[in-house]
Amino acid sequence: MNCRDFKDIADSYLSNELLVETNHDILQHLESCSSCRIELAGRRDLRERLRSAIKNAPKSQMNPGFALRMESYLREQAFGKQRVWNFTVSKAVFAGMASVLLIALVIGFVTTRSSPPLTAGIDPTPSNTFVPENLWYERASFIAAKHDAVDDHKHCALSHDLTEKPISLKDADKRFDNSANGLDLAVFDPLREAFGDDAKFIKAHFCIVNGRRFSHVIVEYKKNVVSVLLTLRNDGDVASGIDAVSCRSSDDLRVACFESGKYSVFVISDLAEDDNLIVAKTISASVKKHITDDAKKI
């Protein structure tokens, strides 16, 4: 799939109208094309703005006269025209019925006038991998962050050819007010407890790749280099609460990820997928506690 093909069907993808095979093609294209990830994020934002505008527009509000006529109609249907009414009781009944009807009509009107939101999409991971129901990692912002995290692992942990010199986690915590300081202990302590000599600490620092800031802890597990990268999520993104999920691989690297508070955490290596996921699950509780404790200090 090329960029032109993607743009032709991007709106159908957001509406969850495509075949599973086509969704797979789109996800593969988004993995390697930052411009289309930006395009998708822009279209999603536009749809949300249009939906909000239609919902709040004066023409979308129910006419008071229509509401009164409907109340009268419901009264007649429920009790008949000749029934003697107790005013206090019937007023409460009418108010409740009218409120329910108003809500139903407004929801129906907004739904028919607006495009449906992005829903589950498809599962791009192997069938034996745990996947959250909302597939939060299909967000364009998350895909972009994952792409940068993979670049960080390759250029920092593997080839050591960063264009900007890293700084210590402690200095990063002071300069950027993030959860960098102490992340090395939050990552390595549970690994050492769980795997003993199979896990070794290499180094930890704060680095910048593609303009994105990462707190970076590098360890060794089963003689493979593993990067644990923590970065801020985009404003407005909601944390998933998922402990660890295996994401689509990139350049023969395995990527597992979880989110906590305002951060996304990526675990990247060339381990087997199950082993990489085990590392992520082993550290997730400790890293989340570190992030939570750090937030309480503010």
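A short reminder: the numbers here are calculations on the coordinates, not readings from a lab. The shown structure was predicted, so the numbers you read here are calculated from the model rather than taken from an experiment. No Cβ is skipped: glycine too gets one built from the backbone with ideal geometry, and neighbour counts run over all protein chains shown.
Between CYS3 and GLU71, residue separation times 0.36 nm minus the direct Cα-Cα distance comes to 19.1 nm.
Cross-linked pairs LYS203/LYS288; LYS146/LYS223; LYS200/LYS262; LYS146/LYS262; LYS170/LYS203: Cα-Cα separations exceed 18 Å for LYS203/LYS288; LYS146/LYS223; LYS200/LYS262. Taking a ≥ b ≥ c as the square roots of the eigenvalues of the Cα gyration tensor of the range 1-60, is the shape rounded (a/c under 1.5), prolate (a/b larger than b/c) or oblate? Here the range 1-60 falls in the prolate category.
For CYS247, the residues 5 or more places off, or on other chains, whose built amide H falls under 5 Å of its own are VAL255, ALA256, CYS257. Each of GLU21 and ARG49 was given a label point 7 Å from its Cα along the Cα-to-Cβ line. The distance between the two points is 3.7 nm. I need the GluC sites (Glu not before Pro) found in the range 1-32, filtered to DSSP loop residues with at most 14 other beta carbons within 10 Å of theirs. Those satisfying the criteria are GLU17. When a/c is below 1.5 the answer is rounded, else prolate if a/b is larger than b/c, else oblate, so apply that to the range 177-224 with a ≥ b ≥ c taken from the square roots of the Cα gyration tensor eigenvalues. Note, shape of the range 177-224 comes out oblate. Applying both filters, DSSP loop and at most 16 other Cβ atoms within 10 Å, to the GluC sites (Glu not before Pro) of the range 146-221 gives GLU164.
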